[in-house]
């Protein structure tokens, strides 16, 4: 078990040991990165300001991804998966990790790396390591069968095929099959996924997050029968979605305190945004965790 005293201490103190020779070495290692990335890395090593870690990590990714992928790293890119979305292979990913370790003076073990799927996962992990706090539990993948077992919502009104959830992010996919019961009338001879159903899908991802990844007090769980859709705000739809399209849903908790959970979310088809919701609010309650009875052994 990790020593809690050691977890309270930063993994390194960059400002104590950053020599001119080390600055030259750092500049050489980052020579193919942008000048802004290099200066952020030097400032971090001098001052230890963890707010600089995010632009450093993004700058290192920009150095390795294909040029047509770099615009995707601008703005909020925490939900981008480094393999599936950015097209990085395992060897390139290892190069990125080694450079991040060198620049930030943190260590990412191979077994830890397997749980870091998105840009946000990596940023959060490195930030925690640099500040000397325990990184959050890695996200877990929930396959379709388990989604159905967890969710109070069921077919034909369940719009999540599989998901990946952590305390700070939830993503899911749903393929529009064309067999959905409502498409026969929406619209006649022109099946289009209703925007209201896509918002419902985001709300369902919020339900899954509450039931499978929300940290709660010991002895309590989120009650399935307590969760309801409360409101949405700042909704924009920018793409028509049709049978054959695979929806990628992303949801981030903004504010969570019983009885309200406020999320921001979006839906993409490939790289195209289809729906953005600035806020989706669910109501929920806590109930006593079920008592697990362990059979007595003979």
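Assorted remarks:
- One residue from 86, 73, 91 being under 28 Å from residue 18 (Cβ atoms) and at pLDDT 90 or above: 73
- Entirely in the range 88-205, the strands (runs of 3 or more DSSP E) that have 3 or more residues that are under 22 Å from residue 269 (Cβ atoms) and under 16 Å from the mean Cα position of the chain (by Cα): 162-165, 170-175
- Among the residues making up the range 254-266, those that are part of a strand (DSSP E or B) and either touching a residue at least 24 places away in the same chain (Cβ under 8 Å) or within 15 Å of residue 205 (Cβ to Cβ) (or both) are 254, 256, 260, 261, 262, 263, 264, 265, 266.
- Scanning the range 71-93 for residues that are in contact (Cβ under 8 Å) with a residue 12 or more places away in the chain and exposed (fewer than 15 other Cβ atoms within 10 Å of the Cβ) gives 83, 87.
- Selection count, the range 242-253, where residues are surrounded by 14 or more Cβ atoms within 10 Å (Cβ to Cβ) and assigned to a strand (DSSP E or B): 7
- Where residue 190 falls short, out of the listed (1) surrounded by fewer than 18 Cβ atoms within 10 Å (Cβ to Cβ); (2) at pLDDT 95 or above; (3) within 28 Å of residue 284 (Cβ to Cβ): (3)
- Filter pass, residue 37 being in contact (Cβ under 8 Å) with a residue 24 or more places away in the chain, surrounded by fewer than 17 Cβ atoms within 10 Å (Cβ to Cβ) and not in a loop (DSSP other than H, G, I, E, B): no
- Residues satisfying the stated conditions in the range 126-150, i.e. out of contact with any strand residue (DSSP E or B) (no Cβ under 9 Å at 6 or more places or on another chain) and crowded, with 21+ Cβ neighbours inside 10 Å: 126, 129, 130
- Of the listed requirements (1) farther than 20 Å from residue 128 by Cβ; (2) at pLDDT below 85, residue 79 misses just one: (1).
- Evaluation of residue 68 against (1) exposed (fewer than 13 other Cβ atoms within 10 Å of the Cβ); (2) at pLDDT 95 or above; (3) in a helix (DSSP H, G or I) (one fails), failing number: (2)
- Selected residue (criterion: surrounded by the fewest Cβ atoms within 10 Å (Cβ to Cβ)) from residues of the range 267-285 that are part of a strand (DSSP E or B) and in contact with a helix residue (DSSP H, G or I) (Cβ under 8 Å, 6 or more places away or on another chain): 283
- A single member of 187, 229, 182, 157 is in contact with a strand residue (DSSP E or B) (Cβ under 8 Å, 6 or more places away or on another chain) and without any contact (Cβ under 8 Å) to a residue 60 or more places away in the chain, and it is 229.
The values are calculated or read from the model by the stated rules, or taken from the named source; none is laboratory data. From a predicted model like this one, the values you see are computed outputs, not experimental measurements. Reconstructed Cβ throughout: ideal geometry from the backbone, glycine too, with neighbour counts over all protein chains shown.
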